[in-house]
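Report on the following structure.
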Amino acid sequence: MASSSGDRVDPAAGLGLRPVRERFAAEVSEDARLVGDARAGDRAAFGRLYDRYARMVHGVLLAKVPVGDVDDLVQDVFLLALRRLSTLREPGSFGAWLAAIARNQANDYHRRSVPEDQLTDDASENESEFSNVSGDRPSGDRPSGDDSSSAVAILDAIRTLPDAYRETLILRLVEGMTGPEIAARTGLTHGSVRVNLHRGMQQLRAKLNPGDSPIEETQ
């Protein structure tokens, strides 16, 4: 028996998506409050924003610049954001605004002096940062032997993908962010994140010998 419009059921509820969306909607509201407090001079509030978005900024930069320069650029992005906080028109869109600053900083980095072919030159310097790429180990664990080589090989392969896939895959595989979290942090739609992960993973598999790839597709 067909239900009336008043009895319509949200299909997302059965998939467990509603709690996820509600959680990130609450975070948007909290972002707006923290931005307001930070504008008023509350450095602790900006520290909360840093803690919430540092992984996202790190991943966006890692997709575009040499590994050895990422940490310094993360600090530059947040310092620039702090100085420009008064220009943010929609405090609840802090994440998307911050991601745009990170991408612009990466572009500026390359315009200054660094050729594109140096993107992977420093990959071996900080291999420990990529421990989440080929498994679910805690981020503090240092890979060794084959694990370390595999992590670097995967990162190098990801860096050859188109920008949209590269950034989303690094946020998922290296930074350990979920699909909904990536959407909430970067301002991308959930659909765009799903497409980027799906197509990016297909291209990544094609580059890595599918029979030997340690990666399983992330839905």
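Read-outs: derived from the displayed coordinates by stated rules, not from any lab. The shown structure was predicted, so the numbers you read here are calculated from the model rather than taken from an experiment.
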Under Karplus coefficients 6.51, -1.76 and 1.60, residue-wise ³J(HN,Hα) of region 32-40 in Hz, glycine/proline x: 4, 5, 5, 4, x, 5, 5, 4, 7
³J(HN,Hα), Karplus 6.51/-1.76/1.60, whole Hz, each residue of region 44-52, x for Gly, Pro: 5, 5, 5, x, 5, 5, 4, 4, 6
